[in-house]
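The structure under discussion appears below in the form of C-alpha cells.
Readers should treat all values here as calculations from the given coordinates under stated rules, not as data from a laboratory. Being a predicted model, the structure only gives us computed values, none of them experimental. Methodologically, a virtual Cβ is constructed for each residue, glycine included, from the backbone with ideal geometry; neighbour enumeration extends over all protein chains shown.
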Amino acid sequence: MSEPSALQVTDLTVKFAGITALDHVGFTVEPGSIHAVIGPNGAGKSTCFNVLSGVYRATSGSVRFGDAELTRMAPHQIAALGVARTFQNIALSKLQSVENNIMLGRHRLTRAGFLGSGLRLPAARREDRRHRERVREIARYVGVAQYLDAPVGMLPYGVQKRVELARALAMEPRLLLLDEPVAGMNGGERRQMAEVIVAARADLGISILLVEHDMGMVMRLADEVTVLDFGRKIASGPPAVVQSDPEVIRAYLGEQAAKEQENA
C-alpha cells in the first residue's frame, strides 16, 4: 500500500439553485490521522462528503489528495486513487451474500478482464481465489466472518453497517470516508465499531475522515475536528479545544447555553 497523502480542502463552495450549501470551507486531513467533520443537521456535512467522493461538483474551491485534484474527477476515478467511503444510509445489495457484497470492494483491484472472468480462465480463477481469501480476512477483522454466506438483508442493522465498512476496507484505501458509521447502533455496537476504526488506522496506516453525530465517539477518536454550521466552518482544532468553543456550543445548544458557558 502506498504511503498516505494529505487531503487538502481549500475554499470549497457548493451552491444549489442559488442556495449556498458550503461556503469557502477549508481543512486538512493529515496523513494517518482521524479527522471528524461535525455540525448540526443541515450544516453541510453530507454535501462536503459528496464532493470529496465525486458525487457532487464543487462550484469553486479545491480538494487535493496528494497531487490529484479531486473536484475534476468522477467517483470511479477518485476510488482508483485509494479513496473509499461508506454511506449514511446503508448501500448494500440486500439479496447478495456478505461475501459477495465485500467482494464488490475488490473491483478496482481486479486485473482479469470481462472476457477472462466470464470464461473462467485459469488466471481469472486464481485471481478470484486471492480476492476471496482477502475478503475473508477483512470479514474476520471487522467481526462479520460468521455471516459470510448470509444474505445481507437478513442481518441486523449493526452487522450491516460493519459489512459496509468491510466493503470499503476491501478496496485497500489510503483514505477512508465514513459517513455516520455508528448511526442507529446500540451502545455495544458503537463500541465495537469504534474499536475497528481505531484498529484500521493503526494497522493499515490509513487516513480517516468521518462525519458523526455521536459527540462522545468523536471526542474519543478524532485527532482534529472541523465544525460546520449553515455551510460555514465555525471552528477547527483538537477535540478538547473545539468542544469548549462558544461558537460550537451556540450551534449545538443555542445562545443561552453559550452565554452560560462563557460565564461559568
Karplus-derived 3J(HN,Hα) from phi for region 224-240 (6.51 cos²θ - 1.76 cosθ + 1.60, θ = phi - 60°), whole Hz, x at Gly and Pro, runs 9, 10, 10, 10, 10, 8, 6, x, 10, 7, 10, 6, 7, x, x, x, 5
Amide H contacts under 5 Å for residue 214, placed H, 5+ residues apart:
none
Give the angle, between 0 and 90 degrees and rounded to the nearest 10, that separates the Cα long axis of helix 122-142 from the longest principal axis of the Cα atoms of the chain.
40 degrees
Top positive-direction residue, dipole computed over the chain with Cβ charges, set 63, 8, 73
73
Using the crude model of +1 on Lys and Arg Cβ and -1 on Asp and Glu Cβ, and no other charge, please compute the dipole size for the chain relative to its Cα centre, in debye to 20.
1300 debye
Students often forget the sequence filter, so: which aspartates and glutamates lie under 12 Å Cα-Cα from residue 161 once same-chain residues fewer than 8 apart are removed?
179, 180, 189
Quick check for you: which residues of region 182-216 have the amide N under 17 Å from the point 7 Å beyond the Cα of residue 30 toward its beta carbon?
201-202, 205-210
If you fit an axis through the alpha-carbon atoms of helix 157-169 and take the longest principal axis of the Cα set of the chain, what angle between them do you get, 0 to 90°, nearest 10?
80 degrees
If you line up the long axis of helix 187-204 against the longest principal axis of the chain, both from Cα atoms, how many degrees apart are they, to the nearest 10?
70 degrees
Which order do 252, 147 fall in if you start with the one that has the fewest other Cβ atoms within 10 Å?
252, 147
With contacts defined as alpha carbon pairs under 8 Å and 6 or more residues apart, what's the relative contact order of the chain in percent?
27 percent
Which aspartates and glutamates have a Cα less than 18 Å from the Cα of residue 94, not counting those fewer than 8 places away in the same chain?
149, 164
Alpha carbon convex hull of the chain, volume per residue in cubic angstrom:
139 Å³
Phi-based couplings in Hz for region 18-31 (Karplus 6.51, -1.76, 1.60; Gly and Pro marked x)
x, 8, 8, 8, 9, 10, 6, 7, x, 6, 10, 9, 6, x
What ranking, highest mean first, results for peptides 8-20, 42-54 when packing means the other Cβ atoms within 10 Å averaged over each residue?
42-54, 8-20
